[in-house]
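Here the structure comes first, spelled out in structure tokens, and everything after it is commentary.
The values are calculated or read from the model by the stated rules, or taken from the named source; none is laboratory data. Everything numeric in this text was worked out from a predicted model, so none of it was measured. All Cβ positions, even for glycine, are placed from backbone atoms using ideal geometry, and neighbour counts span all protein chains on display. Side chains included, ligands, DNA and RNA excluded: accessible areas come from the protein's heavy atoms. Shrake-Rupley method; radii C 1.70, N 1.55, O 1.52, S 1.80 Å.
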Amino acid sequence: MALELPKGARYALIGPNGAGKTTLINLLTGMLAADSGTILLDGADITSLKPYQRVHRGLARTFQINTLFPRLTALESVTLAVLERDGHAHNWWRGLAAHRQAIDEAAGILRSLNIPDRETAELAYGQQRLLEIALALATRPRVLLLDEPGAGVPRDESAALFSAIESLSGELTILFIEHDMNVVFRFASRIIVMVGGRILLEGSPDEVGRDPRVREVYLGGHARAA
Amino acid sequence: MENARFRPLEYVFWACTLLPFLVTPSYLSLASQVAVTALFALSLDLILGYAGIVSLGHAAFFGMGAYTAGLIAKHYWTEPLSGLLVAAVSAGVLGYLLSHIVVRFRHLALIMLTMGFGLLLAEAANSASALTGGADGLQGFHVPGVLGFKFDMFGRAAYAYALAVLFLCFLVARRIIHSPFGLALRGIRENATRMPAIGAPTLAHLRKAYTIAAVIAGIAGAVLTHTTSTVSLETLSFGRSADVLVILILGGAGRLYGGIIGAIIYMVARDQFSGVNPQYWYFWIGLLLVAVVMFLPNGILGGLRALRKKPQ
């Protein structure tokens, strides 16, 4: 499989269940070790880097199933991500309050996504989905991989969620997995179709929408199932 | 964000730790033991309550500190504060070395590993009887006192020493908890999967926490040596590792004061019950443990906190 994500692009990754979409994200982020092949970020080989090191190089992800810190508040969680990014989380002597800048930056991220500062476990589900993204943004990524950001979110809320994603910086390269074709065709500039662990096709929404193979293996099947 | 300031109740609590001097002067040696055990429980709380590392071999560091302090007092010098420092370093070095293995495991494997290291060290100390005195314990030294105050039969200086060390270590632990590093530890406890995804070097954090906990446990062991002028194999025993875990669970893990409250209840209960019937006092501790785990899953302190929150 060969895949290239140009800077600032908005990629949707689609494909039937079991096509290997999440596996691809796990490979890119290093949560699964690749048997072979190379992963380059801005031309630098990151294949042998550990997951946390890849994050420091600017590769962040979110999770399909909420993977948050239930008993930390939203502000504590995002502040932690900011502190880790700047290498301040090693500091065990100065109080948190001395890191005002990190706290303010975290508060700014929460504000921009309209997430209230409550204990994570007490946040509404949709707000937890946004917190997934806030945590990734706090690492100041250059490439952001979103694993079904709208999973489980009601349709009317999911539009707001994707508007928030759309308004992120144009410098940021985004790849998102999504099953709702309305959302995919509305927000993606490019679409990658995966089937059986391989990339079937990569193209603009128009090209993908017109492709008979896609209609056959994915869109058609999807429409029949729905 | 959690407020790092001392709360009024905390001032009251620490003021109360001075009461044994006035109210129960005949129990000052018990009070010293409580302070030592509380400090040991505090060190376990750093890794168990905050980082989520369950250990059944924490006595390894307590014993390391106790024996180091004893060997220094016996063969080199009897000034306790410098001995305390060396004991802290030796326990810390041991903790740092073991941490490279320990932090890679979780759950049952982690418990078995920590227990295995604890047993290894205890048996090593038993075998090296030329150095440690073996089953007879390390004897034949006397630590006269600290900073000019004599460790006498009334135990005033001993309790003051143990309490002062406990308080200072508590301040350090408190500082760590409220630092960025403390937040990172809570993050690991809350979700170890997410941490690498926000760029956190989880294993390095855990190694550091484990080492710090080992240092504090070693300090606790050294204080026991200094205040009793003897070291026994019991300081390294599985029983001590298990007791401190029970103490922390009773009091409530992950809230700093849990280990201290647990130590007070446990040690006083042992003293009282074993006076009534020395053989069966573990029956009562067992009953208490079952009751706490079933009805107060966050320990006695967690239960009290829930009570205080309810009326709102």
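Computed over the range B:205-296, relative contact order equals 16 percent, with contacts defined as Cα pairs under 8 Å that lie 6+ residues apart.
Average projection, convex hull of the Cα set of the range B:42-128: 5.9 square nanometres. What is the log10 of I(q)/I(0) for the range B:181-312, computed with the Debye formula using one identical point scatterer on each Cα and no solvent, at q = 0.10, 0.20 Å⁻¹? With no solvent term, the Cα-only Debye profile gives -0.46, -1.26. As a length-normalised measure over Cα pairs under 8 Å and 6 or more apart, the relative contact order of chain A settles at 32 percent.
Per-residue ellipticity at 222 nm for chain B, helices alone: DSSP H runs ≥ 4 residues times -39500 (n - 2.57), over residue total, nearest 500 deg cm²/dmol?
Values: 15 runs with 220 residues, N = 312.
So the helix-based figure for chain B works out to -23000 deg cm²/dmol.
Each part reduced to its alpha carbon centroid, the range B:248-312 and the range A:142-214 end up 53 Å apart. The calculated 222 nm mean residue ellipticity attributable to helices in chain A amounts to -10500 deg cm²/dmol, summing -39500 (n - 2.57) over DSSP H runs of n ≥ 4 and dividing by all residues. Only alpha carbons enter this Debye calculation for the range B:260-306, each as an equal point scatterer, and the log10 of I(q)/I(0) it gives at q = 0.14, 0.24 Å⁻¹ is -0.36, -0.86.
By accessible area of protein heavy atoms, probe 1.4 Å, what ranking do B:150, A:50, B:208 get, highest first?
Result of the area sort, largest leading: B:150, A:50, B:208.
Within the set of other residues whose C-beta is less than 15 Å from the C-beta of residue A:26, count the net charge using Lys and Arg as +1 and Asp and Glu as -1.
On the way: positive: A:21, A:50, A:54, A:61, B:194; negative: A:35, A:147, A:148.
Local charge sum for residue A:26: +2.
The alpha carbon centroids of the range B:106-168 and the range A:40-106 are separated by 40 Å. For the set A:140, A:190, solvent exposure ranked by accessible area (probe 1.4 Å, protein chains only) runs largest to smallest as A:140, A:190. Across chain B, the volume of the C-alpha convex hull divided among the residues equals 149 Å³ per residue.
Straight-line reach from residue A:50: which lysines have Cα under 28 Å away, leaving out those fewer than 8 places along the same chain? Straight-line reach from residue A:50, under 28 Å: A:7, A:21, B:208. Assuming 0.890 mPa s and 25 °C, estimate D for the range A:1-115 with Stokes-Einstein, Rh taken as the Kirkwood radius over Cα pairs, in µm²/s. Value of D from the Cα-based Kirkwood radius: 147 µm²/s.
Note that the range A:188-194 has calculated 3J(HN,Hα) couplings of 8, 8, 9, 10, 10, 10, 10 Hz, one per residue in order, obtained from phi through the Karplus relation 6.51 cos²θ - 1.76 cosθ + 1.60 (θ = phi - 60°); glycine and proline are x. When the range B:176-248 is described by a simple charge dipole with +1 on each Lys and Arg Cβ and -1 on each Asp and Glu Cβ, the residue from B:221, B:196, B:241 located farthest towards its positive end is B:196. Taken over the range B:137-209, the percentage of Cα pairs per 10 Å bin, counting from 0 up to the bin with the maximum distance, is 16, 28, 18, 19, 15, 3. Rg/Rh for the range B:67-193 (Cα atoms only, Rh after Kirkwood) is 1.04.
Within the protein assembly as shown, the proportion of C-alpha pairs whose separation exceeds 29 Å stands at 59%. The label-point distance for residue B:152 and residue A:204, in a model that sets each label 7 Å from Cα toward Cβ, rounds to 9.5 nm. Compactness of the range A:1-53, taken as the C-alpha radius of gyration over 2.2 N^0.38 Å, stands at 1.19.
The three principal axes of the C-alpha atoms in the range B:1-47 carry coordinate ranges of 43, 26, 7 Å, sorted with the longest axis first. With one equal scatterer per alpha carbon and no solvent term, the Debye-computed log10 I(q)/I(0) for the range B:1-87 at 0.25 1/Å reads -1.14.
Remark: the residue B:282-residue B:24 segment gains 90.4 nm on full extension, using 0.36 nm per residue and subtracting the alpha carbon distance. Within the range A:64-222, the proportion of C-alpha pairs whose separation exceeds 20 Å stands at 56%.
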